[in-house]
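The values are calculated or read from the model by the stated rules, or taken from the named source; none is laboratory data. Bear in mind the structure is a predicted one, so any value in this text is a computation, not a measurement. Glycine also receives a Cβ, built like all others from the backbone with ideal geometry; neighbour counts cover every protein chain displayed. Accessible surface is based on the protein model in full, side chains and every heavy atom, while ligands, DNA and RNA are left aside. Shrake-Rupley method; radii C 1.70, N 1.55, O 1.52, S 1.80 Å.
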There are 4 protein chains.
Amino acid sequence: MQRVGFVGLGLMGAPMAENIARGGFPLTVFNRTASKARSLEALGAKVASSPKEVAAASQVVITMLADASAVEAVLTGADGLLAGGRPGMVLMDMSTVSPAQSRRIASEVAGHGWMTLDAPVFGSTGPAKEGTLGILVGGEKDVFEAHREILSKMGKHLYYFGPNGSGATAKLCFNLMVAAQVAGLAEAMALGAKSGLDLDLLGQAILASPVASTLVQRKVPLIVGRDFAAAFPLKHMHKDLGLMIDTGHELGVPLPVTGEVHELFTAAKACGHGDQDFAAVFLQLLQMAGLSTNPG
Amino acid sequence: MQRVGFVGLGLMGAPMAENIARGGFPLTVFNRTASKARSLEALGAKVASSPKEVAAASQVVITMLADASAVEAVLTGADGLLAGGRPGMVLMDMSTVSPAQSRRIASEVAGHGWMTLDAPVFGSTGPAKEGTLGILVGGEKDVFEAHREILSKMGKHLYYFGPNGSGATAKLCFNLMVAAQVAGLAEAMALGAKSGLDLDLLGQAILASPVASTLVQRKVPLIVGRDFAAAFPLKHMHKDLGLMIDTGHELGVPLPVTGEVHELFTAAKACGHGDQDFAAVFLQLLQMAGLSTNPG
Amino acid sequence: MQRVGFVGLGLMGAPMAENIARGGFPLTVFNRTASKARSLEALGAKVASSPKEVAAASQVVITMLADASAVEAVLTGADGLLAGGRPGMVLMDMSTVSPAQSRRIASEVAGHGWMTLDAPVFGSTGPAKEGTLGILVGGEKDVFEAHREILSKMGKHLYYFGPNGSGATAKLCFNLMVAAQVAGLAEAMALGAKSGLDLDLLGQAILASPVASTLVQRKVPLIVGRDFAAAFPLKHMHKDLGLMIDTGHELGVPLPVTGEVHELFTAAKACGHGDQDFAAVFLQLLQMAGLSTNPG
Amino acid sequence: MQRVGFVGLGLMGAPMAENIARGGFPLTVFNRTASKARSLEALGAKVASSPKEVAAASQVVITMLADASAVEAVLTGADGLLAGGRPGMVLMDMSTVSPAQSRRIASEVAGHGWMTLDAPVFGSTGPAKEGTLGILVGGEKDVFEAHREILSKMGKHLYYFGPNGSGATAKLCFNLMVAAQVAGLAEAMALGAKSGLDLDLLGQAILASPVASTLVQRKVPLIVGRDFAAAFPLKHMHKDLGLMIDTGHELGVPLPVTGEVHELFTAAKACGHGDQDFAAVFLQLLQMAGLSTNPG
């Protein structure tokens, strides 16, 4: 069994790493905030004191981090993964980064003899715990096949899309739909609110209708109850929207609706909603409609 | 049992009227294209030769038409519904019109002593046949209650939103989400296409993910197969988007994302996609990305 | 010399009518607020007590009103223009209305034997006083020629575009550019503001640059000084933007940038800036950027 | 008199460098395509064979290049400016780059003891030849003052905005207005075209109106004549729009209109208009309106 390293034990990363430990893989983990590694230790994982130590102990290293700079930061430097690794190792980056960033990372670690899979996921903390995430993979086909078992501990649906960067692209496609669905929900609710409709009833109708995706089911109660404790902070979706726009810009794909959603999220973040769940874009629309954003 | 009239036997109207006939209500129907009334005749409905005749034979008249002008056209004139009706009658308009148009219709027929329910629906031809539509109702509460039984023949979910026009508003809120979800899907697929992803595989991933609403499930195969035989013609959604924008304009609700989708549909219609299913907005995006819109 | 009637003595209408009076044309005027007719009376104009009376006294009637409903209101009814007019008369509507509205008005008065010129203007109150407006004319060519002298009293530049509605179209084209230039100025200034640039200096640079149209020259000081006393109220531009969007929708011309500006103005109006000059869209952008809208 | 170096002898750079030579400053120039240096040689400038040689011969080095990567490329490497320079030198970057890129460049050369002014310009090739450009300056105030004479050879209007990056910001603000004005003009002309207006006449009206900036005056004939020989290639404006959006994203300034223009330019570039003048965005709108893009 491959020796696995895991860096980034956040809301998603921790349960993903736990499923690898439970799956019987020898596991070494690292997190900037060391306390988050406790649950992993209880499952038999070794807690390293630096990314370098993780790499030294592993054949495959998984990163699940906030953005490309964070990946860059754990890769490089005296205490970085590359400093502790050896040629022939595999980096499996499951963070949401742009295809261009993903290819840049792959090319950088290739210079040290590593191979890379970009393997971002869809699904929230529930599927992360149950090991039923969707995983969107880019990289060499045989590298993917060789690590299918590890991936299967975290995800139920594995999709192999092609060369490095294509998993990252697929993730942006998916997140684009997530943002559009929630922005649409927020505009519908704002239109309902200023029209004087009962939002609770409107929410019920939406939930019984053909637009009621799992995502919409999760967000309707947040909007109706005006409770935006962050499942997925708006500032993170704002970052992802920026990656989509940059990618469309480079490839030559106009994304007018996404561009619009991006600007709306820029406003929402600038107006103080960055740390709320991204469904709080509803509050931004209320404000722009001249309505109070207070409940009731 | 109330004597029911039904005007507008299109893809949605015909099965809705059939369910009323099967429900045992005495039914008189009219359609501009008379041949469409055959199936109703077989179920025992009377086929009238004018809207006036429908009104003369009925206590409640249901209209299910393309837009507000079409409703206006069957109401007025020597052969119109109002010419054949009597004070105390009820108009149940199930067409998709704007709240302002809905209130104008209600006010016009009120001048002849009629009452009105606006009662547009969600759900496609499948639920229309099964009598499991969602129905979004505006009008007097007691008028709604008095016609609950008729509505129940057509729909499983009845939502009473308040005074005239509020059913129409709720329908626009719902259709706004429909348009945003499909526009988002189309942009995701266009980004995937120019990135060189396998769209069939991307579609599979989307269908396994939290964004896979019933609507998205229906549209993914159309886009992947580039087959846009119209379930819901793009030109009709373009009309509905215009109603949303006008309503937002009047009420003072900015709908930036919807405004964007509206302009995209204007382009798609102008470029020849008006009679295709509205998921053909994907082809418009391909063209704007400099890609061929031909399959394969 | 033709006997001229003039209805609508607002900020633009009053000086325009005065130039006709000074030009020697026998003039009868009407305004809902009668006091506004004083200056005209001093120039020898007759003040009528109703639109009907204006029509009875005139061969040509000019309307310069807020929107199509206002034109409709002075045309119809017992006291309306049509009630006082005769076949062979000419309506010269100089209001900003949509091409569709303009053609509807032309068709309505044609039913009474009147002919119509749509003749909206560009230029603000300064050129209105000096009689140097631009006039964008639609209607029969010979009707235009027959009234060239009257038009010349109000405007220096006369443009004949073609059949009824084409003057209205040209005006929308012009106003579209006005809105886009001011929205662009406002975004540039908002970007400068949040970047910490000295807006006074940025304004000076803009005014020395190739983007410094007369319009931009007028609006820069309003934005720098945050003084939005209305030269042209935002709510009126919001109405005009709605006409553009409706016209693009009907004709099949996507106007994505204008659609965007429209939604921004919807927000600005909903947030209380409707009665300020339309350059106050800058304040709306500041708010959306999380900045204080207070001066200093 | 300071010894000046100049790298980047394009359409703008060449006449700017010539004005420095004519102004009596000892000048050393470099361009990747050496033939472009001929006119400078004739004015007494030394032609270097590498950026390194330019730096070795100069106290101040001016760069006027396509983008930040191009600036980066001439700075670094064995033949780069930094390799040939000495502490105390000044880099005057007149390229259009983002504020973030500008600050990164300043910080990088500061590591070698250089100081930086960001000094992008407004005005086209005409003012470049006449030495009447506007120059938007960021950097240390005393560095600016010490180089005022050199700047004055190229520009008539000098604006000092503050620390490094603020000249770059002001340039983006200016270019934002340029893009918005031309996009507005293009939409107005597309609306006119599909309405059947005579575009030549519409152009005349626009040129006589308050929106007729110098920029609009230059672009109207291109659109009317459908001749888009590049004064300023669309792909460069597309790049600049990307910088604006990134800057708004980072600073938290929603730029909805600019975002829209950006997506429109992405489409125009993807559809083959990248090497035409950016007024060719008009052709993209024609195509989206279902019209032929051929003249006549």
Discussion item. If you fit an axis through the alpha-carbon atoms of helix B:234-251 and take the longest principal axis of the Cα set of chain B, what angle between them do you get, 0 to 90°, nearest 10?
Written reply: 80
Discussion item. Using alpha carbons only, how many angstrom separate the centre of the range D:208-242 from the centre of the range C:75-109?
Written reply: 39
Worksheet, complete the sentence: With the label set 7 Å along Cα→Cβ, C:LYS156 is separated from its counterparts in the other copies, in nm and shortest first, by 2.2, 7.1, 7.5
Worksheet entry | Cut-off 18 Å (backbone N to label point 7 Å along Cα→Cβ of C:ASP142), residues of the range C:44-71 | C:60
Worksheet entry | aspartates and glutamates with Cα under 16 Å of A:LYS153, excluding same-chain neighbours fewer than 8 positions away | A:GLU18, A:ASP93, A:GLU130, A:GLU145
Practice prompt. Give the value in nm², to one decimal: projected area of the alpha carbon convex hull of the protein assembly as shown, averaged over all directions.
Written response: 49.6
Response to the item:
Placing +1 on each Lys and Arg Cβ and -1 on each Asp and Glu Cβ in the range C:198-274, then taking the dipole about the Cα centre, the residue among C:THR258, C:ALA208, C:GLY225 whose Cα reaches farthest towards the positive end is C:GLY225
Worksheet item: Under unit Cβ charges (Lys, Arg +1; Asp, Glu -1), what dipole magnitude, rounded to 20 debye, does chain C have relative to its Cα centre?
Response: 580
Item to complete: Select the chain D residue whose beta carbon lies nearest to the rotation axis carrying chain D onto chain A, and write the distance in whole Å.
Response: D:GLY259, 2
Response to the item:
GNM on chain B, Cα springs under 10 Å; top mean-square fluctuation among B:GLY24, B:GLY252, B:GLY113 goes to B:GLY252
Worksheet item: How far is helix C:256-268 tilted off the main Cα axis of chain C, in degrees rounded to 10, range 0 to 90?
Response: 80
Worksheet item: In the range C:179-296, if every C-alpha pair distance is counted and binned at 10 Å from zero, what percent goes to each bin?
Response: 14, 46, 32, 8, 1
Fill in: With every protein chain in place, the range B:33-155: carbon and sulfur % of accessible area (1.4 Å)
51
Worksheet item: Expressed as a whole percent, how much of the Cα-Cα distance distribution for the range B:169-218 exceeds 14 Å?
Response: 55
Worksheet, complete the sentence: Taking the reciprocal of mean 1/r across every pair of different Cα atoms in chain C, the Kirkwood radius in Å is 20.0
Item to complete: Principal axes first, then extents: for the Cα atoms of the range D:203-259, list largest minus smallest coordinate on each axis, whole Å, largest first.
Response: 41, 26, 15
Worksheet item: Using alpha carbon coordinates only, what is the Rg to Rh ratio of the range D:1-96, with Rh defined as the Kirkwood radius?
Response: 0.92
Practice prompt. Using the heavy atoms of the protein chains and a 1.4 angstrom probe, tell me the accessible area per residue for chain A in square angstrom.
Written response: 33
Practice prompt. Place the label 7 angstrom along Cα→C-beta at B:ARG32 and in each other copy, then list the distances from the first to the rest in nm, shortest first.
Written response: 3.7, 6.1, 6.4
Worksheet item: Looking at A:VAL61, A:PHE122, A:GLY274, which one has the Cα that reaches farthest to the positive end of the dipole of chain A (charges on Cβ: Lys, Arg +1; Asp, Glu -1)?
Response: A:VAL61
Discussion item. Run the reach check for A:LYS219 against aspartates and glutamates, Cα to Cα strictly under 12 Å, same-chain hits fewer than 8 apart removed. What comes back?
Written reply: A:ASP227, A:ASP277
Worksheet entry | Convex hull of Cα atoms in the range A:76-149, direction-averaged projection (nm²) | 5.7
Fill in: Neighbourhood net charge (15 Å Cβ-Cβ; Lys/Arg +1, Asp/Glu -1) for D:HIS147
-2
Discussion item. Please compute the contact order of chain B in relative form: average sequence separation of alpha-carbon pairs under 8 Å and at least six residues apart, divided by the residue count, as a percent.
Written reply: 13
Fill in: Alpha-carbon gyration tensor eigenvalues x 5, square-rooted, for the range B:106-200, Å
37, 16, 9
Discussion item. So if I place +1 on the C-beta of Lys and Arg and -1 on the C-beta of Asp and Glu, and nothing else carries charge, what would the dipole magnitude of the range A:116-264 be about its Cα centre? I want it in debye, nearest 20.
Written reply: 360
Response to the item:
Sorting from shortest, the nanometre distances separating the label point of B:GLY88 (7 Å past Cα along the line to Cβ) from those of the same residue in the other copies are 5.6, 9.4, 10.6
Fill in: Solvent-accessible area buried by B and C, counting both chains, probe 1.4 angstrom, square angstrom
1300
Worksheet item: With +1 on each Lys and Arg Cβ and -1 on each Asp and Glu Cβ, how big is the dipole of the range C:121-160 about its Cα centre, in debye rounded to the nearest 20?
Response: 180
Worksheet, complete the sentence: For the range B:70-224, averaging the sequence separation of alpha carbon pairs under 8 Å that lie six or more residues apart and dividing by its residue count, the contact order in percent is 18
Worksheet entry | Cα-based Rg and Dmax for the range C:255-296, where Dmax is the largest Cα-Cα distance (Å) | 10.6, 36
Item to complete: Mind giving me the FRET efficiency for C:SER35 and C:ARG3? R0 is 41 Å, r the Cβ-Cβ distance, nearest 0.05 is fine.
Response: 0.95
